[in-house]
Amino acid sequence: MAALGAPLRTFRALLRELRHAAGRSYRDTPAYRHVLAAFRAHRVTSEKLCRAQQELHFQAATYLCLLRSVREHEALHREYHGRGERSPQEVAGLVGFRLPQQPGGKG
Amino acid sequence: LPRPPPTPAGSCPVEPCGRRAYAPPAERKRFYQNVSISQGEGGFEINLDHRKLKTPQAKLFTVPSEALAIAVATEWDSQKDTIKFYTMHLTTLCNTALDNPTQRNKTQLIRAAVKFLETDTVCYRVEEPPALAELQKNEWDPVVSWAEKRYNVTIGSSTNILGPNIPASTKETFISHLASYNMWALQGIEFVITQLKSLILSMSLIDRHITVEKAVLLSRLEEEYQIRRWGSVEWAHDYDLCELRARTAAGTLFVHLCSESSTVKHKLLQD
């Protein structure tokens, strides 16, 4: 079985990710309620023997990875890839030039 | 090549908008307030306000698992001003399972998956630089041994340009193992294999032997080695890392949610 750490930690992090995704009314979202119910129903503890608990923990860890990675990927996309092409003015400005106003390069 | 869908309603989930073949729009304004789930005849459905979500080929979007439906609904509800389809991996996987745009049957899907074994990342070794060869041995040998023990097969590894020589019996074992999964789960498995470029890492992940983060790390071992030597370029390395993690996590979750055993769910899944 994969090295997952403490189940409580995973579930808390998962609920936090869901809060980020949802906004104000995170407590009413189906996902939040489902995760909370699943956590309570299986009463995830540090017991190493129960297979269903381990499977649930793995599922929670996987979903946490998904939410986290999507958020981080979107942040990186916005930061580096979201701006589109620069205008000719901006390109000129990168090396300290200004585009000429008159034909022939004057003024 | 697959034929494009007959109607021009091709790509938009709710309204027709005349785009090419199976290419969905990259971004679109959020046009709904509430996302909810309901249970229909074929399974669980997603409602965007009062409209039912449809696939790119205009089929009704139904999934066999409630947990999966909730996760898909969460993807739709997480969208802010614009709908970023490229972040909605679970939705995409469900659409693929429902539409089957490459029109492959179960046998073809399994064959495509097992074919990856011939060029499996963890079996394909370098001889130099020695540090990388050593790293591959230390990190990949354990997972290959695990697979050999777990499935009672011979796999091995190779520095040959042709790759490892996989015995036919090994391929047969994996073929019959994969045949025990239903069509939906298989779409997920094949997706994970394509992302990780490794059948062995994918099985290791699906059998819960390693985490998604570990599987992605092992898949990108050479990149990680180079990054440790030369540094990380955030807009490329981290960007690719996050995307690979997201897709792999989505694929894995998809497989597990679609293979939960219960008689009700077996009736809903098409094989």
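With the helix formula -39500 (n - 2.57) applied to DSSP H stretches of n ≥ 4, the protein assembly as shown reaches a computed 222 nm mean residue ellipticity of -16000 deg cm²/dmol.
Rolling a 1.4 Å probe over the protein chains gives B:Thr92 an accessible area of about 70 Å².
Which order do A:Met1, B:Met203, B:Met183 take by accessible area at a 1.4 Å probe, largest first?
Ranking A:Met1, B:Met203, B:Met183 by accessible area, largest first, yields A:Met1, B:Met183, B:Met203.
Temperature 10 °C, viscosity 1.306 mPa s: under these conditions the Stokes-Einstein estimate for segment B:42-87, based on its Kirkwood radius over C-alpha pairs, is 141 µm² per second.
When the alpha-carbon atoms of segment A:7-95 are used, the pair Rg, Dmax equals 19.7, 65 angstrom.
Averaged per residue, the protein assembly as shown has 55 square angstrom of accessible surface, using a 1.4 angstrom probe with ligands and nucleic acids left out. Using a 1.4 Å probe over protein heavy atoms, the accessible area lost on pairing A with B, summed over both chains, comes to approximately 2800 Å².
Here the extension length gained between B:Trp230 and B:Arg30 equals 67.9 nm, from 0.36 nm per residue of separation less the Cα-Cα distance. Working from label points 7 Å from Cα in the Cα-to-Cβ sense, the B:Glu172 to B:Lys197 distance is 3.2 nm. Counting every C-alpha pair in segment B:106-259, the share spaced more than 28 angstrom apart comes to 18%. Choose one of B:His256, A:Ser25, B:Asn182: the residue whose Cα lies farthest towards the positive end of the charge dipole of the protein assembly as shown (beta-carbon charges +1 Lys, Arg; -1 Asp, Glu; about the Cα centre). Final value for the positive-end residue is A:Ser25.
Could you sort A:His81, A:His20 by accessible area so the largest value comes first, with the probe set to 1.4 Å?
A:His20, A:His81
How many percent of the accessible area of segment B:106-259 is carbon or sulfur, using a 1.4 Å probe? Result for segment B:106-259: 51 percent of the exposed heavy-atom area is carbon or sulfur.
When only the Cβ of Lys, Arg, Asp and Glu is charged (+1, +1, -1, -1), the dipole of segment B:79-172 relative to its Cα centre reaches about 480 debye. Here is the P(r) of chain B: all C-alpha pair distances, binned every 10 Å from 0, give 6, 26, 31, 22, 12, 2, 0 in whole percents. Where in segment B:177-191 does the label zone of B:Ala112 land, with the point 7 angstrom along Cα→C-beta and an amide N cut-off under 15 Å? It comes to B:183-191, nothing else. The ratio of the alpha-carbon radius of gyration of segment B:161-240 to the globular-protein estimate 2.2 N^0.38 Å is 1.32. In nanometres, what is the gap between the two model label sites at B:His237 and A:Phe97, each 7 Å from Cα along Cα-to-Cβ? About 3.4 nm separates the two model spin labels. Beyond 31 Å, what share of the Cα-Cα pairs of the protein assembly as shown is found? Please give it as a whole percent. Value for the protein assembly as shown (Cα pairs over 31 Å): 43 percent. Only protein heavy atoms count here; under a 1.4 Å probe, A:Leu99 has an accessible surface of about 70 Å². In nm, give the distance between the simple-model label positions of B:Glu222 and A:Asp28, each being 7 Å from the Cα along the Cα-to-Cβ direction. Rounded to a tenth, the inter-label distance reads 5.2 nm.
In this view, the solvent-accessible surface of B:Cys242, computed with a 1.4 Å probe and all protein chains in place, comes to about 10 Å². Comparing each chain alone with all protein chains together (probe 1.4 Å, DNA, RNA and ligands left out), the residues of segment B:219-235 losing at least 40 Å² of accessible area are B:Glu234, B:Trp235.
Counting charges near A:Ser25 (Lys, Arg +1; Asp, Glu -1) among other residues having Cβ under 12 Å from its Cβ returns a value of +2.
So, with a 1.4 angstrom probe, what is the percent of accessible area on chain A that is carbon and sulfur?
Numbers: 3800 of 7570 Å².
It is 50 percent, rounded to a whole number.
The values are calculated or read from the model by the stated rules, or taken from the named source; none is laboratory data. Quantities reported herein were computed from a predicted structural model and do not represent experimental measurements. Note that we place each Cβ from the backbone using ideal geometry, even for glycine, and neighbour counts take in every protein chain shown. Side chains included, ligands, DNA and RNA excluded: accessible areas come from the protein's heavy atoms. Shrake-Rupley method; radii C 1.70, N 1.55, O 1.52, S 1.80 Å.
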